[in-house]
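Laboratory data are not the source of any read-out in this text; all were calculated from the coordinates shown. Note that this is a predicted model, so its numbers are computed, not measured. When we count neighbours, we look across all protein chains shown, and the Cβ atoms used for this are built from the backbone with ideal geometry, even at glycine.
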Amino acid sequence: MLYNSVDMIVDSREKTIALGEKLGRLLDIGSTVVLKGELASGKTTFAKGIGKALNIPQVINSPTFTILKIYHGDKTLYHIDAYRIENNSYDLGFDEYDDGIKVIEWPEYYMSYLPKEYVEVIFEYIDEQRRDISFIAHGDRYNSIVEEMKC
Ligand SMILES: Nc1ncnc2c1ncn2[C@@H]1O[C@H](COP(=O)(O)OP(=O)(O)O)[C@@H](O)[C@H]1O
Ligand SMILES: [Mg+2]
């Protein structure tokens, strides 16, 4: 199967938040978003935008020390940071979170246990203000969502 994808340069923190908000409006309950990229590449900033789209009143910040944070808005947001998980044997129990939207900050080197279908967002640091952000659909249901991100 061919996966739909799109790649763009985003030149401010605010625009990354707006992009997250745009994706957030397209997500249904049960959706999974996987955010990849080095530290400070913009993953949590983007997650703030998803929170905005879901009308979550709290500030979304890095869940680095807790692995999982749950926020209640128009839909429930499960914000997961797998960065500190030290080995592949940790079962995050993703199936338990199907009543909301899962946003997973995921280290590139750690590939096991991801849900089968998800939209992948890759963040690359260009310079202080600019990031290269690409969206890749994994699974049919995400092809149209990635298509929408093109315009
Ligand atoms: N275009 C941009 N997109 C996202 N963040 C940006 C951008 N330009 C500057 N920044 C800054 O980079 C940092 C990104 O941090 P964060 O989103 O926590 O990254 P991560 O979760 O990937 O570690 C923030 O301090 C943010 O203000
Ligand atoms: Mg982060």
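Things to note:
- For the chain, relative contact order (Cα pairs under 8 Å, six or more residues apart, normalised by length) works out to 34 percent.
- Sequence-distant lysines (8 or more away, or on other chains) whose Cα lies within less than 17 Å of K69: K43, K48, K52, K102
- Relative to the current alpha-carbon distance between R25 and L68, full extension at 0.36 nm per residue lengthens the span by 13.3 nm.
- Expressed as a fraction of 2.2 N^0.38 Å, the C-alpha radius of gyration for the chain is 0.95.
- Per-pair calculated FRET efficiency, R0 = 22 Å: I9 and A40 via Cβ, rounded to 0.05: 0.85
- By the Kirkwood approach, averaging reciprocal distances over each pair of separate Cα atoms, the stretch 22-83 gets a hydrodynamic radius of 11.9 Å.
- If R0 equals 35 Å, the separation of the Cβ atoms of N55 and L2 corresponds to a calculated FRET efficiency of about 0.55.
- Highest mobility in the GNM of the chain, judged by mean-square fluctuation with C-alpha springs under 10 Å and restricted to D99, D28, D127, is found for D127.
- The helix-based estimate of mean residue ellipticity at 222 nm for the chain, built from -39,500 (n - 2.57) per DSSP H run of four or more residues and divided by its residue count, is -7000 deg cm²/dmol to the nearest 500.
- Fewest-first ordering of F94, F46 by other beta carbons within 10 Å of each residue's beta carbon gives F94, F46.
- Shape category assigned to the stretch 96-151 from the gyration tensor of Cα positions, a/c cut at 1.5: oblate
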